[in-house]
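So the structure is just underneath, and the comments pick up after that.
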Amino acid sequence: ARPSSGGSSWTREQTLVVVKPDGVQWRLVGYVIQRFERRGFKLVGMKMLQAPERVLAEHYHDLQRKPFYPALISYMTSGPVVAMVWEGPNVVCSSRAMVGHTNSAEAAPDTIRGDFSIHISRNIIHASDSVEGAQKEIQLWFQSSELVNWADKGHQRSIYPP
Ligand code: UDP
Ligand code: MG
């Protein structure tokens, strides 16, 4: 039988993607959405917001002792961000590949960072780096009522994983 998006044949993997303030300023929100939709991933939550300090402190908790941390927080609060939740098979790993290396100099061409960023401190976009981390980040950034569990009827790449 064909697996359905509601079946148990693949885990309902989700990831958090955030277009950072420079990505919003550079008008890259639509481009980012297009990359993820073109791949076949399913958008289940999206909002524009001024990232609260409380959320950023938790989100970047592991980096709090790094010398760049204060600059990172002022960058992330310098303007609005667009937070999204994307769903699909292996979406965490695939998103990291589309986003590219943290350090812009090492980000491959055709990745989002490789095409739009020249410095690690202005790297356009965030994507969760593990399935467990993604679940924590999604709960941090979104209320469960903000996520839409819509039936996927149209896209064979997302409905029928290999
Ligand atoms: N960052 C920075 N300078 C550094 C390392 C990281 O400004 O030397 C910022 C950058 O915005 C990066 C974020 O901190 O995206 C989180 O770092 P992480 O190592 O988790 O990279 P990511 O998961 O975003 O690729
Ligand atoms: Mg990270």
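The values are calculated or read from the model by the stated rules, or taken from the named source; none is laboratory data. In this text, all values refer to a predicted model and were calculated from it rather than measured experimentally. Note: areas computed on protein heavy atoms with side chains; ligands, DNA, RNA excluded. Shrake-Rupley method; radii C 1.70, N 1.55, O 1.52, S 1.80 Å.
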Ratio of the chain's C-alpha Rg to 2.2 N^0.38 Å, to two decimals? 1.04
Would you kindly state how much longer the chain becomes between Glu53 and His119 on full extension, computed as 0.36 nm times their sequence separation minus their alpha carbon distance, in nm to one decimal? 21.5 nm
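Whenever you get a sec, compute what percent of the accessible area on the chain sits on carbon and sulfur atoms (1.4 Å probe).
It is 52 percent, rounded to a whole number.
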Mind pulling the per residue volume of the convex hull built on the Cα atoms of the stretch 74-161? Å³ is fine. 128
Debye log10 I(q)/I(0) at q = 0.20 Å⁻¹ for the stretch 9-96, Cα point scatterers: -0.99
